[in-house]
Amino acid sequence: MRQFLIMLLCAALFLCFTAQAEERPLYVKAVDDLPEDFIFGMDVSSVIALEKAGIRYKDKTGAERDLFGLLKENGVDWIRVRVWVDPFDAEGHGFGGGNNDLATAVLIGQRAKAAGQKLLVDFHYSDFWADPSKQQAPRAWEGMDIDTKAEALYQYTLESLTALKEAGADVGMVQIGNETNGKLCGETGWAGIIALMKAGSRAVRETLPEAKIAAHFTNPENKNALISWSKVLQSSHLDYDVFATSYYPYWHGTLDNLTSVLSAVKKETGKDVMVAETSYAWTLEDGDFSGNTIGEGGTYEHPWTFSVQGQANAVRDVTEAVVKAGGIGVFYWEGAWVPTGGSTWEENHRLWETYGTGWASSYAGVYDPDDAGKYYGGSACDNQAMFDFDARALDSLAVFRLMREGQDAPVVPEALEDAAAEIRIGSPLTLPDTVEAVMTDNSRAAVPVEWDQEILGNISTDREGEYKVPGTASGLPALCRVTVTLPNYLRNGGFEDEDVSMWRVTDLGDTSQLYREEKSVDSLEGKAHWHFYTASADTVRFTLEQDVKGAPAGTYNYAISVMGGDCGEQTVYAYVLVNGAEIGRSETSFTKWNEWHTASVEGITIAEGDRVTVGLYVACAGPGAWGKIDKAEFK
Ligand code: CA
């Protein structure tokens, strides 16, 4: 009976502990000076297609909810929707990406209105995705001259906005193009682009005089480009209100740069500025058998952890950067684009084709044969939604609401950086006793770590090898990558780096040429080496030295290689100085092209605190003496 009680108690404690871990509140630092009317918006363009395919959104408790009401409750007061002119083939099959035609935008506008949200209408002026690489005119407008196309765009904008207005949508802002970095609707010159933007702008003013007009660009990492585009809009007197940019932290520069770009554009133009698209991954997993843009092993910036907390931190910090620039809002992109469902690629594929819930269906090939026509599939950003793969709200969704006041929570480790240890062959195996943790507030801290002693015990330090040692720190799994090797304690020993300041060159004669040279065929390794040449006789005499840094007490070998010719009578040797006194010397010579010789001083024993210098002395009697020096090692 007692045993049973203890078991019960243990189970209860365990449950309590896991529950606590799950319930850890989101840490949100309040954004200073956040204006009362700052816009928090979310693009949910895929929602209608996803719901048709059977997706039901849930709040964090798992209760089914209307997506728009749930977003509103979490501080998202604006909804953004992309609109394509005709994203269907002749048989009525949708191109995918939500099949976002005007009728879909109307449904989204009505749903948003019912939840008390304003709408940002994002006209792509295309039949499918428009971005810097694609700005294809709708099929119906292809081949039109610029005046006819501008008139078609004007009419289309007017009719679309009228339909949205009559359907009851509360359109607060209209984008006249999407990511229009020097291209729009088949036009690649600014004269044409501006003519189209002016036609769109005029239609917005005539239909919805209260709505703001936004011009939208991307690649804010290229500050000068954005500023120059804002000047083009200014000098051509485009009637608009908001200069918007996309900002994806993986590729689009630092937050400081974002603030700086938006501030500069605001100052230059006097217009409002904002971020029209941003997002951040909460996991590196993929939810729909269709690879994600941000996944394992990619090369991109990731200033926050890939976790629910990291996603919230990203949104919070992007908002702060926009507020610092005096911006008016931040829209999260496709925050509800969850996997369509199905446990196989085939099931998912059927749903993408039927409902248009993937980024593109095969039917899009009639319009975009080279990209969509070949690579059609699911969502490449299901791991950047603010819902999990079962459409249940993540804790991070609350960040929009919580940024105003902040939410205090214990600052604890969220993720650990991998540690690394380079062990010299024959040296004791010592691993770091702390690892770097990324904390919930995105700060960094060193935390104590326990390494797996059994795996550690199996590592041999008497030969080269690479090992992964697991460990635990703050309850999180840690990893140390151990390399057993003979490190070279000389810096730039192969002269590959342009910076040769670690080498001390003393010309004791009058050598015509004495410098680092890049020429692979004259290098022992890599593309560069040290070079000398002299035109006249009896003038080559120099030393090349480096002070050894960071080598622990132990026994080492020094080696350096030479190749050259026409050196006549010569004295060439490698040498080692310990505490200023020469303790070893090894002679060599320059013979002919492509014949390398290595001078080495072995068995150099150094104690803690010894000053060690290695060098090469070269004296020869030209004329025309030349040589190359490479691969200096102190191991
Ligand atoms: Ca995916």
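Among the numbered criteria (1) surrounded by fewer than 21 Cβ atoms within 10 Å (Cβ to Cβ); (2) polar (S, T, N, Q); (3) closer than 30 Å to Glu347 by Cβ, which single criterion is violated by Thr259?
(3)
If you go through segment 1-21 one residue at a time, do you hit one that is of a type in the set (A, V, I, L, M, F, W, C), open to solvent by 10 Å² or more (accessible area, probe 1.4 Å), at pLDDT 95 or above and in a loop (DSSP other than H, G, I, E, B)?
No, segment 1-21 contains no residue that is of a type in the set (A, V, I, L, M, F, W, C), open to solvent by 10 Å² or more (accessible area, probe 1.4 Å), at pLDDT 95 or above and in a loop (DSSP other than H, G, I, E, B).
When segment 52-80 is examined, which residues are found to be open to solvent by less than 30 Å² (accessible area, probe 1.4 Å), under 21 Å from Gly358 (Cα atoms) and more than 31 Å from the chain's Cα centre (by Cα)?
Ala53
Looking at (1) open to solvent by less than 10 Å² (accessible area, probe 1.4 Å); (2) within 30 Å of Asp59 (Cα to Cα), find the lone condition where Val242 falls short.
Condition not satisfied by Val242: (2).
List pairs: first in segment 112-124 and at pLDDT 95 or above, second open to solvent by less than 10 Å² (accessible area, probe 1.4 Å) and aromatic (Phe, Trp, Tyr), Cβ under 8 Å, 6+ apart or cross-chain?
Ala112/Phe68; Ala114/Phe68; Ala115/Phe68; Gln117/Phe68; Leu120/Phe331; His124/Trp84
Taking the conditions exactly as written (buried (at least 19 other Cβ atoms within 10 Å of the Cβ), acidic (Asp, Glu) and either modelled with pLDDT of 95 or more or in contact with a helix residue (DSSP H, G or I) (Cβ under 9 Å, 6 or more places away or on another chain) (or both)), does Asp547 satisfy them or not? It would help to see each step written out before you state the result.
Working: buried (at least 19 other Cβ atoms within 10 Å of the Cβ): no; acidic (Asp, Glu): yes; either modelled with pLDDT of 95 or more or in contact with a helix residue (DSSP H, G or I) (Cβ under 9 Å, 6 or more places away or on another chain) (or both): yes.
When the stated conditions are applied, Asp547 does not pass them.
Step by step: first the residues of segment 291-324, then only those that are within 16 Å of the ligand (Cβ to nearest atom) and small (Gly, Ala, Ser), then the one that is surrounded by the most Cβ atoms within 10 Å (Cβ to Cβ). Which residue is that?
By that ranking, first place goes to Gly295.
So which residues in segment 201-237 are open to solvent by 10 Å² or more (accessible area, probe 1.4 Å) and assigned to a loop (DSSP other than H, G, I, E, B), if there are any at all?
Leu208, Pro209, Glu210, Asn219, Glu221, Asn222, Ser236, His237
Examine segment 24-33 for a residue that is part of a loop (DSSP other than H, G, I, E, B), modelled with pLDDT under 95 and open to solvent by 50 Å² or more (accessible area, probe 1.4 Å), and state whether such a residue exists.
yes
When you check Lys198 against the structure, is it closer than 30 Å to Asn100 by Cα, open to solvent by 10 Å² or more (accessible area, probe 1.4 Å), in a helix (DSSP H, G or I) and not hydrophobic (A, V, I, L, M, F, W, C), yes or no?
When the stated conditions are applied, Lys198 passes them.
So how many residues does segment 559-576 have that are outside any loop (DSSP other than H, G, I, E, B) and open to solvent by 40 Å² or more (accessible area, probe 1.4 Å)?
2
When residues of segment 608-624 are filtered for being at pLDDT 95 or above and part of a loop (DSSP other than H, G, I, E, B), how many remain?
Residues of segment 608-624 at pLDDT 95 or above: 610-618.
Next, from what is left, pick out any that are part of a loop (DSSP other than H, G, I, E, B): 610-611.
Residues that pass the stated criteria total 2.
Which residue pairs have Cβ atoms closer than 8 Å, lie 6 or more positions apart in sequence or on different chains, and pair a first residue in segment 361-387 that is over 17 Å from His349 (Cα atoms) with a second residue that is away from the ligand (no atom under 16 Å from the Cβ) and of a type in the set (Ser, Thr, Tyr)?
Note: pairs meeting the criteria are Met386/Tyr332; Met386/Ser396; Phe387/Tyr57.
Select, from His237, His252, the only residue that is more than 16 Å from the ligand (Cβ to nearest atom) and under 30 Å from the mean Cα position of the chain (by Cα).
Details: His237 fails: under 30 Å from the mean Cα position of the chain (by Cα).
Answer to the check: His252.
More than 24 Å from Ser501 (Cα to Cα), touching a residue at least 40 places away in the same chain (Cβ under 8 Å) and surrounded by fewer than 16 Cβ atoms within 10 Å (Cβ to Cβ): does that describe Ser600?
Judged against the criteria, Ser600 is not a match.
Considering only segment 390-407, I want to know if a residue exists there that is β-branched (Val, Ile, Thr), surrounded by 14 or more Cβ atoms within 10 Å (Cβ to Cβ) and more than 30 Å from Gly69 (Cβ to Cβ).
no
So, of the residues in segment 337-365 that are of a type outside the set (Ser, Thr, Tyr) and surrounded by fewer than 17 Cβ atoms within 10 Å (Cβ to Cβ), which turns out to be nearest to Phe289 (Cα to Cα)?
Looking only at segment 337-365, we keep the residues that are of a type outside the set (Ser, Thr, Tyr), and these are 337-339, 341-342, 345-353, 356, 358-360, 364-365.
Then keep just the ones that are surrounded by fewer than 17 Cβ atoms within 10 Å (Cβ to Cβ); that gives 345-347, 350.
Values: Trp345: 5, Glu346: 9, Glu347: 10, Arg350: 13 Å.
Selected residue: Trp345.
Condition (residue is free of Cβ contacts under 8 Å to residues at least 60 places away in the same chain, within 16 Å of the ligand (Cβ to nearest atom) and closer than 17 Å to Trp251 by Cβ) applied to segment 270-283: is it met by at least one residue?
no
I need the full set of residues from segment 444-497 which are of a type in the set (Ser, Thr, Tyr), closer than 30 Å to Tyr558 by Cβ, out of contact with any helix residue (DSSP H, G or I) (no Cβ under 8 Å at 6 or more places or on another chain) and surrounded by fewer than 19 Cβ atoms within 10 Å (Cβ to Cβ), in order please.
Ser460, Thr461, Thr483, Thr485
The values are calculated or read from the model by the stated rules, or taken from the named source; none is laboratory data. These figures come from a predicted structure and were not determined experimentally. Note that each Cβ is placed from the backbone with ideal geometry, even for glycine, and that neighbours are counted across all protein chains shown. All accessible areas refer to the heavy atoms of the entire protein, side chains included, with ligands and DNA or RNA removed. Shrake-Rupley method; radii C 1.70, N 1.55, O 1.52, S 1.80 Å.
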